[in-house]
Amino acid sequence: MNTRVLTGITTTGTPHLGNYVGAIRPAVAASAQPGVDAFFFLADYHALIKCDDPARIARSRLEIAVTWLAAGLDPEKVTFYRQSDIPEIPELCWLLTCVTGKGLMNRAHAYKASVDQNVAKGEEPDDGVTMGLFSYPVLMAADILMFNAHRVPVGRDQIQHIEMARDIAQRFNHLYGQGQELFVLPEAAIEEDVATLPGLDGRKMSKSYNNTIPLLEGGAKATRAAIMRIVTDSREPGEPKDPGSSHLYTLYKAFAAPEETASFARALEDGLGWGEAKQALFERIERDLAPMRERYEALMARPDQLEEILMAGAERARRIARPRMQALREAVGLRSLVAPRAAAKPAASGKAARQARFVSFRDEDGRFRFRLLAADGVELLCSVAYDDPKSAGAVLKRLQGGEAAQLQAEDGPRFVLRLDEQVVAASPAADDLAARDALLARARQALAALAAG
Ligand code: TRP
């Protein structure tokens, strides 16, 4: 199975050069690696925690989505979606909220920082703290656990949130997993050699310091104008300059190859003037940005296309989220009322309740179906639809009786169950063939166990 890599981008603000070097560029590069299933999403529910200006939220989602696509993110390869297009995420968030200790949230850095500020100002500790801010890490855990992400690339300030997601996942597994891992425990992935980019004044480039260099918004003109405002020392042209203590050099290095960077360092040591150095920096950065600008402008002019890309991404994400949420609802006991009756026998004793089971239900069209669920609630098979409960029940009975039914893999990531050569049930689509085969093996075991019991 591929490694699932997932990360979210909070949609406040406009991406700047620091975001590009620190997050966008490495993430896009990583998403193109073989063996990786990448999930990138716009954390627009998280944005609401920080920002109550609707126009800014809307604008930022647009700019960020277009920037990532312009930077080379391939929506065919990466599952790229808006958090707010996945209703299963807030649904899962609630299940997680119910197992998350308030004490754990009390320890979150972002919340504690707000409290500390309030106390320093002599205000009430929780002044201006919303439940959104307080529960921020739970929503983030839902983002991650929904897709069973293995690796979560984030900045250092987010490590604690990933650890909290692990804690919450562990607690949930313990309470509801019945020995199975309902949630994969995610790991934070910190890119060690991605430098944080200095801003105009040499401090970390950040909107809160007002020292950013624009990336694509405003065009090359805006990027150049900002570069010309980079703070330097007062050394004149001709005077040797120390690259190591110049953040202009650090910026150059973040874009150029090692040989280019070395010759830029030599030029500074040989007395290159700051004005020329800035021009060289601008030209070097622009070499990378120019092709992105074209894609940026094109997509900005076609929001309908962007909307289509994002909705396709949401649908792809929901193909995973829907059945997962269904299994998780089952696990916590939010089950169909019809189901326990059909599965009355196995549910009768405590031990049997932990076995795989058949669950009957009526589908959205009012027709009759049943599912085969593994002991942990994972869906293994879903039957075809029957017009009346008797026909569904008859098939179910034969299966429970251990009648020779055939499980067979299909060409795609599914398998089917045949009885008298007729397909009577099919598995949900697995992520890949390996996952399908694992599920198939579980279905075999489950059917055998049910027939034996
Ligand atoms: N909190 C993250 C940030 O501000 C954004 C985010 C939201 C996220 N949900 C996530 C990151 C899930 C990784 C995984 O940077």
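Can we say residue 22 is crowded, with 20+ Cβ neighbours inside 10 Å, within 12 Å of the ligand (Cβ to nearest atom) and not β-branched (Val, Ile, Thr)? Yes. Taken together, the criteria exclude residue 73 from residues that are in contact with a Phe, Trp or Tyr (Cβ under 8 Å, 6 or more places away or on another chain) and within 12 Å of the ligand (Cβ to nearest atom).
Each row is one residue, and each column tells you yes or no for (1) of a type in the set (Gly, Ala, Ser); (2) modelled with pLDDT under 95; (3) closer than 30 Å to residue 150 by Cβ.
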position: 186; (1), (2), (3): no, no, yes
position: 206; (1), (2), (3): yes, yes, yes
position: 228; (1), (2), (3): no, no, no
position: 234; (1), (2), (3): yes, yes, no
position: 269; (1), (2), (3): no, no, no
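Yes/no per residue for (1) away from the ligand (no atom under 14 Å from the Cβ); (2) more than 16 Å from the chain's Cα centre (by Cα); (3) farther than 24 Å from residue 52 by Cα:
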| residue | (1), (2), (3) |
| --- | --- |
| 127 | yes, yes, no |
| 131 | yes, yes, no |
| 137 | no, no, no |
| 146 | no, no, yes |
| 153 | no, no, yes |
| 163 | no, no, yes |
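What is the one condition in (1) more than 27 Å from residue 255 (Cβ to Cβ); (2) more than 14 Å from the ligand (Cβ to nearest atom); (3) more than 15 Å from the chain's Cα centre (by Cα) that residue 48 does not satisfy? Result: residue 48 fails condition (2) only.
Looking at the stretch 56-63, can you tell me whether even one residue there is within 17 Å of the chain's Cα centre (by Cα) and modelled with pLDDT of 95 or more? Yes, that holds for at least one residue. When 430, 434, 394 are checked against the criterion of being part of a helix (DSSP H, G or I) and without any contact (Cβ under 8 Å) to a residue 24 or more places away in the chain, a single residue qualifies: 394.
Within the stretch 25-81, the set of residues being part of a strand (DSSP E or B) and either surrounded by fewer than 18 Cβ atoms within 10 Å (Cβ to Cβ) or not small (Gly, Ala, Ser) (or both) comprises 36, 37, 39, 40, 41, 42, 79, 80, 81. Scanning the stretch 201-212 for any residue that is within 30 Å of residue 356 (Cα to Cα), of a type in the set (A, V, I, L, M) and within 16 Å of the ligand (Cβ to nearest atom) turns up nothing.
When the stretch 413-427 is filtered for residues that are modelled with pLDDT of 90 or more and either in a helix (DSSP H, G or I) or closer than 19 Å to residue 395 by Cα (or both), the ones remaining, listed by number, are 415, 416, 417, 418, 419, 422, 423, 424, 425, 426, 427. Within the stretch 149-160, residues that are within 15 Å of residue 30 (Cβ to Cβ) and at pLDDT 90 or above have Cβ atoms under 6 Å from residues that are of a type in the set (A, V, I, L, M, F, W, C) and within 7 Å of the ligand (Cβ to nearest atom) in these pairs: 149/6; 152/6; 152/144, counting only partners at least 6 apart in sequence or on another chain. When 278, 241 are screened for being surrounded by 17 or more Cβ atoms within 10 Å (Cβ to Cβ) and assigned to a loop (DSSP other than H, G, I, E, B), only 241 passes.
The values are calculated or read from the model by the stated rules, or taken from the named source; none is laboratory data. Just so it is clear, the structure is predicted and the values come from calculations on it, not from any experiment. Using ideal geometry, Cβ is built from the backbone for each residue, glycine included, and neighbour counts are taken over all protein chains shown.
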